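A quick write-up on the structure given underneath.
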Amino acid sequence: MLSTHKEILKKFDQIESKLSYHDDQFMLIFEYLKQFEEAKQQHLEQKNRKKIGYR
């Protein structure tokens with residue numbers, strides 16, 4: 001019975017480590033999406049600004 005509990009604890013630790021890795025990967029993806037959105041917003045602001053100079 002003790003060996004069964006050890007196996008369960010070992011599996012639990014493996015699952016926990018996988019989940020923490022996946023959390024890190026999701027945070028990285030969200031950070032990239034945030035950077036992409038900011039770049040897109042800057043591009044739109046530059047495109048819509050008032051033009052100056054000669055025509």
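The values are calculated or read from the model by the stated rules, or taken from the named source; none is laboratory data. Source: prediction; values computed, not measured. No Cβ is skipped: glycine too gets one built from the backbone with ideal geometry, and neighbour counts run over all protein chains shown.
Brief remarks follow.
- Flag for Glu45 being surrounded by 10 or more Cβ atoms within 10 Å (Cβ to Cβ) and not hydroxyl-bearing (Ser, Thr, Tyr): no
- Candidate set from the chain (those that are among the hydroxyl-bearing types (Ser, Thr, Tyr) and modelled with pLDDT under 95); member that is farthest from the chain's Cα centre (by Cα): Tyr54
- First in the range 40-55 and at negative phi, second anywhere and exposed (fewer than 10 other Cβ atoms within 10 Å of the Cβ) and at pLDDT 90 or above, Cβ under 9 Å, 6 or more apart: none
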